[in-house]
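What follows is a single structure, written as structure tokens, with notes after it.
The values are calculated or read from the model by the stated rules, or taken from the named source; none is laboratory data. Computed from a predicted structure; not experimentally measured. We place every Cβ from the backbone using ideal geometry, glycine too, and count neighbours over all the protein chains shown.
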Amino acid sequence: MAVLLETTLGDVVIDLYTEERPRACLNFLKLCKIKYYNYCLIHNVQRDFIIQTGDPTGTGRGGESIFGQLYGDQASFFEAEKVPRIKHKKKGTVSMVNNGSDHHGSQFLITTGENLDYLDGVHTVFGEVTEGMDIIKKINETFVDKDFVPYQDIRINHTVILDDPFDDPPDLLIPDRSPEPTREQLDSGRIGADEEIDDFKGRSAEEVEEIKAEKEAKTQAILLEMVGDLPDADIKPPENVLFVCKLNPVTTDEDLEIIFSRFGPIRSCEVIRDWKTGESLCYAFIEFEKEEDCEKAFFKMDNVLIDDRRIHVDFSQSVAKVKWKGKGGKYTKSDFKEYEKEQDKPSNLVLKDKVKPKQDAKYDLILDEQAEDSKSSHSHTSKKHKKKTHHCSEEKEDEDYMPIKNTNQ
């Protein structure tokens, strides 16, 4: 007793528990027989929890049982079978979805997690996946939105009954062939199941690597902007700035400006210095007024000897000039005296643990005034003992399983 589901990602075989769940299996088999599940969307994918489908509307609020097809709206749902109790212990367990009143229609779920005991007794287990768990894994890993709807459509294209032990009801209308999908069925507003979303298709390996490198650089720039290291993620290195390194520590801003000014007017020349000591970090940024002058200096000054050091000159490949502008040679040790004074001042915060020792004390910060008050009142409070009682209350919430939510998340 088994059914083959042909999905847009591959085939899945479900074995049915016809003896333990005869009514649920009859409902599922006959719905498959009348092609009810054809083109149904997998509309709910919660990773490592469940995959939900079986609703022709694709919303999670539709669908009816085979009995509704036979006997009308009053029979749209049938009562859940709870005996014998079958648990959601393993991946690939197949269950009919509870509509909220212990009844089932056409929707069913496949588990992608283990030991989901909070589903037991609510959703009726009636089978398990025996082939195609690799396809279930692919569906489980698909990208979804905040409502767990896949961005790209995943559908049941066709169902094939491999074995059916139940007789067909007399009024069951079985189509001669699979019906063609309607435009409304295929128009989900998402990426179509057959649409290609490969950005690298038709590109060479070099082009692919270049695109990946650009995306990675963009990601890093956005990250640096978020942490405040860049003023803007789209900022570009200035083309009129030279980066000069391997300087002698004794080389000053004025020295470099005199040497490089022979190529054209200079806006700024800054040797970058340590923020605390004021000592040279042996590199500098030189900003020219014109890009042409910057290029001339680049070609002429690389490997030139300045103060007994062979310097290296290159175009600025970063926006560090923007960040370091104004933090160059104009700073000396005296500029940091006020900062050092502030650093030497004692903190006005003390550890609560030091003020009022306690066996299970936590390290909370309090003000000095609070510390003094705490000391003065310590002798009084040490004589008193207060008993604390803890009241715990447990509230049991009613579970709403439409739509199904992962309580472990």
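Could you run through region 25-56 and say how many residues are closer than 20 Å to residue 146 by Cα and in contact with a strand residue (DSSP E or B) (Cβ under 9 Å, 6 or more places away or on another chain)?
13
Filter region 99-118 for residues that are within 17 Å of residue 24 (Cα to Cα) and modelled with pLDDT under 95; which is surrounded by the most Cβ atoms within 10 Å (Cβ to Cβ)?
For region 99-118, the residue satisfying everything is 99.
Kindly provide the set of residues from region 105-120 that are among the polar types (S, T, N, Q) and under 15 Å from residue 54 (Cβ atoms), ordered by number. It would help to see each step written out before you state the result.
Quick first cut of region 105-120, residues among the polar types (S, T, N, Q) only: 106-107, 111-112, 115.
Of everything in region 105-120, those that are among the polar types (S, T, N, Q) and under 15 Å from residue 54 (Cβ atoms) turn out to be 106, 107, 111.
Here are 72, 92: which of them is in contact with a helix residue (DSSP H, G or I) (Cβ under 8 Å, 6 or more places away or on another chain) and surrounded by fewer than 22 Cβ atoms within 10 Å (Cβ to Cβ)?
92
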